[in-house]
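Trainee: Let me begin by handing over the structure; questions about it come next.
Values quoted throughout were computed directly from the atomic coordinates according to the rules given, and no laboratory measurement underlies them. The model shown is predicted, which means the values in this text are computed figures rather than measured ones. Ideal geometry is used to build each Cβ from the backbone, glycine not excepted, and the neighbour counts take in all protein chains shown.
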Amino acid sequence: VIPKKMRVTVIYQQEKLLIDCEENQSFLDLKQLVFEKTNVSPENQKLILNGKECNDSVKLSAGNVTNGSKLLLLRQSVRSTPSNTTKPQTPTKKNNSSSN
């Protein structure tokens with residue numbers, strides 16, 4: 001069986017990107033294609049379809065992506081180690097000392 005080719009629209013910032021893909025590709029494969037057009041690495045991409053985040057390992061066909069589907073791309077920073085949660089405290093201390 002030959003996989004169906006399709007073209008989806010990925011909306012990133014205020015740009016509409018047309019991406020050619022196949023129904024048997026995964027969302028991670030789609031993220032790689034998006035990377036080629038945006039330079040946003042797959043681990044920094046969050047694809048949203050119908051209000052839900054897409055799971056990288058799911059095939060596009062299983063995720064209800066069809067020819068003409070529109071997905072929203074959100075850029076996110078790579079998650080740091082949990083020990084980096086002290087960041088908000090540092091600016092507070094600086095703010096207090098600078099206001100003296």
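Trainee: Quick check: residue separation of Val1 and Val78 times 0.36 nm, minus the Cα distance between them. What number comes out in nm? If you can, show how the numbers build up before the last one.
Mentor: Values: separation 77, 0.36 × 77 = 27.72 nm, distance 3.76 nm.
That works out to 24.0 nm of additional length.
Trainee: Pop a pseudo-label 7 angstrom from the Cα along the beta-carbon direction at both Ser61 and Ile48 and give the gap in nm to one decimal.
Mentor: So the two model labels end up 2.9 nm from each other.
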